[in-house]
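A.B. asks: Questions regarding the structure given below will be posed in turn.
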């Protein structure tokens, strides 16, 4: 499968715990994006990388959120001290530089109890 | 920032009928308009997109039209099939700092009845 992959697919955690998600983009794609989707809503932009550089972050990305893409390949999204409001589907997408078409992964569904 | 409104929120059609979903956007600088299909438990799948220098684009049973003056665009699905049942999202974006940041509508749940 050469599409975007995300792990884990589901994560249940208790409030206050830290969680980390991983995204593996399509191999030749330089751009990697994180979006968040809550029930009944469209995805909302969180942040994006070009290669290893994080070039833009949304105001939705509070100080408890951190994203990395250390070698310009896979990316991780960490949420510290999770809150119930963090419960959502976290989507990763990738695209070629200068190409607008984004290809999304299956997402990681986070439930904070 | 950009705001995208999408209608209707739910749409039920009989197999073989056509389905139309409409979106409006607020930022006149937006120049890229993709449509995504999302099935239960899956990520959004890009099904068609259009750029602002084109008024219409067609791919088999799917077409998208764009009216830049009115700032609205629509998805048309002809000869609908049960496997077309899903949530459809429109989105708008413009290139900013080299990034086409997508702003999505709230989605339309399309149900195609056999």
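The values are calculated or read from the model by the stated rules, or taken from the named source; none is laboratory data. Source: prediction; values computed, not measured. Reconstructed Cβ throughout: ideal geometry from the backbone, glycine too, with neighbour counts over all protein chains shown.
A.B. asks: Suppose the filter is more than 10 Å from chain B (Cβ to nearest Cβ) and assigned to a loop (DSSP other than H, G, I, E, B); does residue A:94 pass it?
C.D. replies: The answer is no for residue A:94.
A.B. asks: Enumerate the strands (runs of 3 or more DSSP E) found wholly within the range B:1-76, keeping only those where 2 or more residues are more than 14 Å from chain A (Cβ to nearest Cβ) and in contact (Cβ under 8 Å) with a residue 12 or more places away in the chain.
C.D. replies: Strands (runs of 3 or more DSSP E) meeting the threshold: B:10-14, B:19-25, B:62-67.
A.B. asks: Could you please find all residues in the range B:77-101 being surrounded by fewer than 18 Cβ atoms within 10 Å (Cβ to Cβ), over 15 Å from residue B:29 (Cβ atoms) and in contact (Cβ under 8 Å) with a residue 60 or more places away in the chain?
C.D. replies: B:78, B:79, B:81, B:82
A.B. asks: Provide a single number: the residues in the range A:5-32 that are modelled with pLDDT under 95 and within 10 Å of another protein chain (Cβ to nearest Cβ).
C.D. replies: Going through the range A:5-32 one residue at a time, the tally reaches 1.
Residue-wise test of (1) surrounded by 14 or more Cβ atoms within 10 Å (Cβ to Cβ); (2) not in a loop (DSSP other than H, G, I, E, B).
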{"site": "A:3", "(1), (2)": "yes, no"}
{"site": "A:12", "(1), (2)": "no, yes"}
{"site": "A:15", "(1), (2)": "no, no"}
{"site": "A:22", "(1), (2)": "yes, yes"}
{"site": "A:26", "(1), (2)": "yes, no"}
{"site": "A:34", "(1), (2)": "yes, yes"}
{"site": "A:45", "(1), (2)": "yes, yes"}
{"site": "A:48", "(1), (2)": "yes, yes"}
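A.B. asks: Let me ask you something else. Checking residue A:38 against (1) within 14 Å of the chain's Cα centre (by Cα); (2) within 19 Å of residue B:1 (Cα to Cα), which single condition isn't satisfied?
C.D. replies: Against the list (1) within 14 Å of the chain's Cα centre (by Cα); (2) within 19 Å of residue B:1 (Cα to Cα), residue A:38 comes up short only on (2).
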